[in-house]
Structure formats: C-alpha cells, structure tokens
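The values are calculated or read from the model by the stated rules, or taken from the named source; none is laboratory data. The structure presented is a predicted model; accordingly, all values stated were derived computationally and were not measured. Backbone-built Cβ (ideal geometry, glycine too); neighbour counts: all protein chains shown.
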Amino acid sequence: MKPRLSLLTVCLILSACGSPVQRPDSGVQAPAAWQSPHAASVARIDPQWWTQFGSPELDRLIEQAQVGSFDLAAAVARVRQAQAETVIAGGSLLPEVKAGLNANRQKLLRGSGYSQLDTNSSNNAVDYFDSNLSATYEVDFWGGNRAARDSAQFSLQASEFDRATVELTLLSGVANSYAQTLSLREQSRIAELNLANAQSVLKLVQTRFDAGSATALELAQQKSLVAAQQWQLPRVQQQAEDALIGLAALLGRPVQQVAPQASFAQLQWPQIDAGVPSELLNRRPDIARAEAQLAAAEADVKVARAAMLPKLTLTAQLGSGANQFDDLLRNPFYNLTAGLVAPVFNNGRLSAERDKARARQEELLETYRGAIINGFADVEKALNSIRGLDRQRQWQSEELNQAQTAFDIAQSRYQAGAEDLLTVLETQRTLYAAQDQSVQLRLARMQASIALYKALGGGWQAR
C-alpha cells in the first residue's frame, strides 16, 4: 500500500521547491581560523551551556530566569504579534468571502409621498429583505501579495531570532551576575580574614608597645592598616549586595527572594571549542535575525514595485431578495465584476515608497555585514581574554603563594624581635592585594568563558 500525502504536506513540499531559502551574499569573507589559539575538547556546544560550570544552584537560577524574566516574556509576545501579522499578510492570496443578510422597512410618516419613495398614502410601509454571498479576489500578476506574505514570514523569523537573542543575553547576564555575586562575597570573606589578621598583629604591636619594645610610630602604622581594612570591608559588602540586587532583577524577583548559598570556589569553567569562523553564521541568533530582516526588506522592495503597476480585482456575488421574509430565497441572482485600477498620478508617492524600501534594504545589508563582523570580533575577544587570563593566573598563583610565605616569615620574625614592623606591614599589604587579585582574576576568567559561550551563540543552531 502506497503512503498518501496530506494536502498540508503537499503544500509544504511545493512551497519549499518554489522558494528555496538562500543566504544573502554579505560580501564578508570569513577567516579560515581564529587568530587566538584555543583548545579543542568539545565538538559542539551544549544548548544548556550553563550546566558546564558545575553549579546546580546556577542551573536553578537559569530556570527561574526563563520563567520569570519580563524581557523574555515581552519577546515571546512580540513573536505572537509577528505570527498574527503573517496570517494577515497571507489573507490576500486567497479570495475574501463575505455573507450578508439585510432587512429594510420604509414607512411614510405623513403626506402622499413622492416618486423617489417606494411608499405612498395608500401603502405607507414597505418591507424589503435580501441576502448575498460575495467573493473578491485580487489577481496577483506582479507578485506583490506574495512578497507581502514573504516579508511577514521573514519578519516572523526575525522576531523568533530576536527572542533567542534576548534569552541568550538574559542567561549570560544571570551567569555573570551570579559569578560576580559569589566573587564579591569571597572578597568580603577575605577582607574579614585580613581584618582579623591585622587586628591580631595590632594586638602584638600593642603588647610590645606596652612593654617598651615598639614605638608609637609602629603602633600608629598598624592601627592605620586596621582602619583601612575596616573601611574596605563594608565597601566590598555593598558591592556584593548590589550584584545580588541586579541578579534578582534579571530573575524578575525581589531581592528578598534570592539568596545564593554556593561558594565561589565551586564554580568551574569548561574548555570550549570555538570551531571555525564560518560556523558562526549558523550559531548566533543575532546574525540570523539580521539575515531575516534583510530578506524581509528585499520582499518589501517587491511590494513597493508591485504597487506602481495596475491591479485587477474580480468579484462574484450570489444573492436573493423579496418583500416578504418567507420569499427571501425565491429570487436568486448573480453578479460578476472585473475591475482594473492603475495609478496615474500620485505626486511621486509610490516611487518614493519604492526608493524608501530600497534604502531600507541597503541599510539592513550593512547591518547584516556589521553583525557578522561583530560576531567574529566577540569570539576573538573572548578567546584572547581566556588565553591572557590563563597566563596571568599562572603567575599570580605563584605571587600569592610567595606573598603568604613572606608574611608568615615576617610575622614570626617580628614576634621574636628579629624583624621590624615595616617589613610586616609591607608583607601584609602584598598578601592582601594578592588575595584580592586572585579572586578578581578568577572572576574575569569565569566571565570570559561566559562571554565565549555568548559570542558563539550559546549552543543555538539555526533551523
């Protein structure tokens, strides 16, 4: 038994054969490879790329953002608007059918009547009933109606790609804000430890000062260091709270309902394969959006050209009428009409509409080219940032280890009276700066991975 194709399937096949989707020629040549070297460990990017950071808490926050974000909900509503516009634009491709039923009573209030009235003094009321069914169709000689439908369909695609771009921006923003919140909390924790350590050294200096083995200058210097740590702590805590407020806004929730519990050290960044530059055209929704907008603009040019040519409209009407409702269907008639309308003079309005559509097409072509170039640049920046931060972290880790060792030695020697306080102060400042820099570099490395995911489209693929 041979399989049968449904009418919908046949229409889709014919539509696909009749109007193949071709990528517009941007004139931008993709490089053969990225300038920045990178490790290739994963063949494809997971659409749920945020799971690669190994944080179940981040996974939950991403889910909350997908449900609670007002920006994303607005983008979804824009897609529904574009879907409705597609239906509206496609309506002119088929005849418009209308049905009507009318009832009329004409009554003479006084006088004997006159020739234009159906009533007179002897019969001062006349009833009339009619029904009709009419179909109107505009013959699409020049393809203007089809082009209008195509423009609406491409605009729908652009709206869908825009929603994907909004979602990608939202989710990368959530990941960034989450990492920033945890890093600032870690900096706050380090500031508290440094304050406690500085206060411990202050007690030691105070004891030695009371015993006469430390000077008032040494005591004042250590008190100054403690004060510096005390004012830095609320500054970092304020920044952490600001980051949390920003994260809550992305989730569409009050900050009181958002309370991350994970530690910054639990976040891990994966190795990401950036592929080749030519693949970026299929990976980024913003490039696909610019491409769809350009295709819609090309269709709009066809619409503007068709508006300058004659239009042929066909109308068929089937109706019936009677003076009594019971006889309504006993007097059927039909009416066929063909009308040809051509623009003669419109003071250049139609040609200006065509020129406007062409200029819009040129604008969107440049926008499309810019989206491609900016996409290449985003990936290059992220890869360059990852490479540079990895090298910085390698040497900064050594700096932190040596700073800790130097402070431990200086503190022990000062306690034994073999070192002056100036050395302890310098090693303290060096250690504090190294600890803070370590957290900042780790955050920057985390954000660089997020930026690379975003630059690559976050695993999104054009369909």
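Annotations
- Residue check for Ala382: in a helix (DSSP H, G or I) and either modelled with pLDDT of 95 or more or surrounded by fewer than 14 Cβ atoms within 10 Å (Cβ to Cβ) (or both): no
- Test: residue in the range 308-330 that is exposed (fewer than 12 other Cβ atoms within 10 Å of the Cβ), β-branched (Val, Ile, Thr) and in contact with a Ser or Thr (Cβ under 6 Å, 6 or more places away or on another chain): no
- Conditions (1) of a type in the set (A, V, I, L, M, F, W, C); (2) part of a helix (DSSP H, G or I); (3) touching an Asp or Glu at 6+ places or on another chain (Cβ under 7 Å); (4) surrounded by fewer than 17 Cβ atoms within 10 Å (Cβ to Cβ); number of the one not met by Ala357: (4)
- Residue match in the range 250-263 (condition: assigned to a helix (DSSP H, G or I), crowded, with 16+ Cβ neighbours inside 10 Å and within 27 Å of the chain's Cα centre (by Cα)): yes
- Only one of the listed residues (Arg393, Arg445) is in contact (Cβ under 8 Å) with a residue 60 or more places away in the chain, in contact with a Lys or Arg (Cβ under 8 Å, 6 or more places away or on another chain) and either among the hydroxyl-bearing types (Ser, Thr, Tyr) or in the same structural domain as Leu171 (by TED's automatic domain parsing) (or both). That residue is Arg445.
- Residues (in a strand (DSSP E or B) and over 30 Å from Ser151 (Cβ atoms)) located in the range 88-112: Ala99, Gly100, Leu101, Asn102, Ala103, Asn104, Arg105, Gln106, Lys107
- The set of residues from the range 106-136 being of a type outside the set (A, V, I, L, M) and within 60 Å of the chain's Cα centre (by Cα) comprises Tyr128, Phe129, Asp130, Ser131, Asn132, Ser134, Thr136.
- Cβ-Cβ distances below 8 Å connect the following pairs, each with a first residue in the range 91-102 that is over 30 Å from Gln153 (Cβ atoms), a second residue that is of a type in the set (A, V, I, L, M), and a separation of six or more residues or different chains: Gly100/Leu133.
- Cβ pairs under 6 Å, 6+ apart, first in the range 344-373 and free of Cβ contacts under 8 Å to residues at least 60 places away in the same chain, second among the charged types (D, E, K, R): Arg354/Arg305
- Any hit, the range 88-97, residues being over 37 Å from the mean Cα position of the chain (by Cα) and either within 30 Å of Glu291 (Cα to Cα) or surrounded by 12 or more Cβ atoms within 10 Å (Cβ to Cβ) (or both): yes
- Residue tally, condition surrounded by 13 or more Cβ atoms within 10 Å (Cβ to Cβ) and outside any helix (DSSP H, G or I), over the range 406-430: 2
- Residue check: Ala403 meets all listed conditions (1) surrounded by 14 or more Cβ atoms within 10 Å (Cβ to Cβ); (2) more than 26 Å from Lys223 (Cα to Cα); (3) over 28 Å from the mean Cα position of the chain (by Cα) but one, namely (2).
- Summed over the range 275-315, residues that are of a type in the set (S, T, N, Q) and part of a helix (DSSP H, G or I) total 3.
- Condition met for Arg146 (more than 23 Å from Gln317 (Cα to Cα) and in a strand (DSSP E or B)): no
- Extreme residue, surrounded by the fewest Cβ atoms within 10 Å (Cβ to Cβ), among residues of the range 214-223 that are in contact with a helix residue (DSSP H, G or I) (Cβ under 9 Å, 6 or more places away or on another chain) and either hydroxyl-bearing (Ser, Thr, Tyr) or not in a loop (DSSP other than H, G, I, E, B) (or both): Ala216
- Annotation note: Cβ proximity below 7 Å between a residue of the range 139-165 that is closer than 11 Å to Ala297 by Cα and a residue that is among the charged types (D, E, K, R) and surrounded by fewer than 21 Cβ atoms within 10 Å (Cβ to Cβ) (sequence gap 6+ or interchain) occurs for Ala147/Lys302; Ala152/Glu85; Ser155/Glu85.
- Only one of the numbered conditions (1) basic (Lys, Arg); (2) farther than 30 Å from Phe53 by Cβ; (3) crowded, with 22+ Cβ neighbours inside 10 Å is not met by Arg284, and that is (2).
- Boolean, Leu108 is modelled with pLDDT under 95, surrounded by fewer than 16 Cβ atoms within 10 Å (Cβ to Cβ) and not small (Gly, Ala, Ser): no
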